Number of protein chains: 2
Amino acid sequence: MGTKERRQREFNEREELFLNVALELVRSNGLLNLQMSRLAEKAEYAVGTLYLHFDSKEDLVFVRRHPDYFRVAQYTLCEVSWKATSAERRQHFLEANDPLVEIVSGIVEDARRSGDLPPGGATAQELAVGVWALCGGHQQLAHAEGLMADITITDPYRLMCRHLIALLDGFGWKPLSDPNDLGAIDALIARVQREVFNEECDVTR
Amino acid sequence: MGTKERRQREFNEREELFLNVALELVRSNGLLNLQMSRLAEKAEYAVGTLYLHFDSKEDLVFVRRHPDYFRVAQYTLCEVSWKATSAERRQHFLEANDPLVEIVSGIVEDARRSGDLPPGGATAQELAVGVWALCGGHQQLAHAEGLMADITITDPYRLMCRHLIALLDGFGWKPLSDPNDLGAIDALIARVQREVFNEECDVTR
DNA sequence: GCCACGTTTTGAATTGAATTCACAATCCTG
DNA sequence: CAGGATTGTGAATTCAATTCAAAACGTGGC
């Protein structure tokens, strides 16, 4: 019975199409101006079809996992829309984050095992939350146009890295570095970018 | 010419009324369910009157400075609504934050002068941004129901304090404390609450 | 090939809320 | 107290999300 499977595949492809078109629209007009009818039109399907895939607009936005993820995550986490979202989607979001939590926790545990991080105290997850919060908070501030400029901050992402270093230093994570040594930080950023992300990702944007 | 002034006063009082009723509604039904027509009705004025005071709903929400400030600030800073807001309101928001920036910068400078904080390196404002980001990020995560529970974090605000301590320790701000000494942290929280906030503010909520 | 039936897709109609604006009410001034 | 200016009103408009009855399509049996 291959028909059913083909159907399913086509359905998935259409969903993918919707998501891609949505992404395009979000990129050019912003999340706020995303309109279901325009999205449907641009994808060359009827609005109703869109609603076969997504329960609501929130739902549509929620599904995206992508380079623009940060922006969506911020919107999603914003209490207002968090509460507007169905419990299933929230669960989905939380579960989608699990692997990340795993990875980060693993890194923390490795560090502890190897003695880079003093034993006892914060659990791996507690530490991870701090990093997550710091990144999210910086992201939020960095995107509020004019805010950083107002307090004469240039290069907000480098600043974020400095704060991350300070935070981890505060937990005694070795090697300790100086959050004020800009040269060393730039070198570190460059190295991580090269060795971990294989140049694919420009952290400074 | 006292009439004009009375008028102005009455206008201001009405604005205050609108804001109070709005706050009530937000508290009972959430920010998302705030409806202009219901607000007008509850305040016993016409919708049009509401619009004499506020250009839009965003505008109304923006104006509030209050214990629920965090929630509103989060919504405000969320890129999506930040961009939807008029440039004037944004400017207003930024200016309203200036005194806070001043205060925090002052504290940082005092610390540097007294030798508690090593000289050089991050500017006071850069340091302040880190604290702001960390608080905002924690706030965001803490309010996303289920998220903290999912990764077995209890007492997210205490955790936030631990991370703040770690961050400042990382910058070498004396006295250095151990972000893992929970007893000391609780004592510190209690002390700050007592001496600075005069018990008026329950930080643990 | 063609019909009947279930399934999928459609988009016009509905709904719900923000915002506007022509008119009404009120206030002020000479 | 007339009448022009200012302020307040809420029905009407607008705009976008969501629904749902009907059309189009696919499938298996004859």
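The values are calculated or read from the model by the stated rules, or taken from the named source; none is laboratory data. Computed from a prediction, not measured in an experiment: that's the story for all the values here. Positions of Cβ are backbone-derived with ideal geometry, glycine not excepted, and every protein chain shown enters the neighbour counts. Remember, those area values only see protein heavy atoms, side chains included, never the ligands or the DNA or RNA. Shrake-Rupley method; radii C 1.70, N 1.55, O 1.52, S 1.80 Å.
Being within 11 Å of DNA strand D (Cβ to nearest atom), open to solvent by 70 Å² or more (accessible area, probe 1.4 Å) and either within 14 Å of another protein chain (Cβ to nearest Cβ) or among the aliphatic types (A, V, I, L, M) (or both) is the filter here; which residues of segment A:1-34 pass it? Answer for segment A:1-34, where residues must be within 11 Å of DNA strand D (Cβ to nearest atom), open to solvent by 70 Å² or more (accessible area, probe 1.4 Å) and either within 14 Å of another protein chain (Cβ to nearest Cβ) or among the aliphatic types (A, V, I, L, M) (or both): A:Met1, A:Leu32, A:Asn33.
Could you count how many residues in segment B:113-126 are more than 18 Å from the chain's Cα centre (by Cα) and within 12 Å of another protein chain (Cβ to nearest Cβ)? Before you say what the answer is, go through the steps one by one.
Here is the first cut: in segment B:113-126, the residues more than 18 Å from the chain's Cα centre (by Cα) are B:113-124, B:126.
If we keep only those that are within 12 Å of another protein chain (Cβ to nearest Cβ) as well, we get B:117-124, B:126.
The number of residues fulfilling the criteria is 9.
Entry remark, segment A:35-48: residues being open to solvent by less than 30 Å² (accessible area, probe 1.4 Å) and near DNA strand C (Cβ under 10 Å from one of its atoms) number 3 in total. Evaluation of A:Gly130 against the conditions (1) within 7 Å of another protein chain (Cβ to nearest Cβ); (2) modelled with pLDDT of 90 or more; (3) in a loop (DSSP other than H, G, I, E, B) shows that the sole unmet condition is (3).
The set of residues in segment A:113-156 being without any contact (Cβ under 8 Å) to a residue 40 or more places away in the chain, surrounded by 15 or more Cβ atoms within 10 Å (Cβ to Cβ) and over 22 Å from B:Thr154 (Cα atoms) consists of A:His138, A:Leu141, A:Ala142, A:Ala144, A:Leu147, A:Met148, A:Asp150, A:Ile151, A:Ile153, A:Pro156. Within segment B:32-61, residues that are without any contact (Cβ under 8 Å) to a residue 12 or more places away in the chain and more than 13 Å from B:Val21 (Cβ to Cβ) have Cβ atoms under 7 Å from residues that are more than 9 Å from DNA strand D (Cβ to nearest atom) and open to solvent by 80 Å² or more (accessible area, probe 1.4 Å) in these pairs: B:Leu32/A:Lys83, counting only partners at least 6 apart in sequence or on another chain.
Please enumerate the residues belonging to segment A:146-160 that are farther than 12 Å from B:Ala122 by Cβ and of a type in the set (A, V, I, L, M, F, W, C). Outline the logic, then answer.
First, the residues of segment A:146-160 that are farther than 12 Å from B:Ala122 by Cβ: A:146-152, A:154-157, A:160.
Passing the criteria: A:Leu147, A:Met148, A:Ala149, A:Ile151, A:Met160.
For segment B:1-57, the helices (runs of 4 or more DSSP H) that sit wholly inside it and include 2 or more residues that are of a type in the set (Phe, Trp, Tyr) are B:2-29. Counting residues in segment B:175-185 that are within 9 Å of chain A (Cβ to nearest Cβ), farther than 30 Å from A:Gln91 by Cα and touching a Lys or Arg at 6+ places or on another chain (Cβ under 7 Å) gives one or more. Residues that are in contact with a His (Cβ under 9 Å, 6 or more places away or on another chain) and within 19 Å of B:Pro119 (Cα to Cα) within segment B:157-170 comprise B:Leu167, B:Gly170, listed in sequence order.
Just one residue in the set B:Arg191, B:Arg162, B:Arg158 is assigned to a helix (DSSP H, G or I), at the interface with another protein chain (Cβ under 9 Å from one of its Cβ atoms) and among the basic types (Lys, Arg); that residue is B:Arg162.
The residues in segment A:144-173 that are at pLDDT below 80 and more than 14 Å from B:Trp132 (Cα to Cα) can be counted, and the count is 6. Under the condition of being open to solvent by 60 Å² or more (accessible area, probe 1.4 Å) and either of a type in the set (A, V, I, L, M) or free of Cβ contacts under 8 Å to residues at least 12 places away in the same chain (or both), the residues counted in segment B:165-177 number 1.
Going by the structure shown, is A:Glu102 among the acidic types (Asp, Glu), at pLDDT 90 or above, in a helix (DSSP H, G or I) and out of contact with any strand residue (DSSP E or B) (no Cβ under 6 Å at 6 or more places or on another chain)? So A:Glu102 does not fit the description; no.
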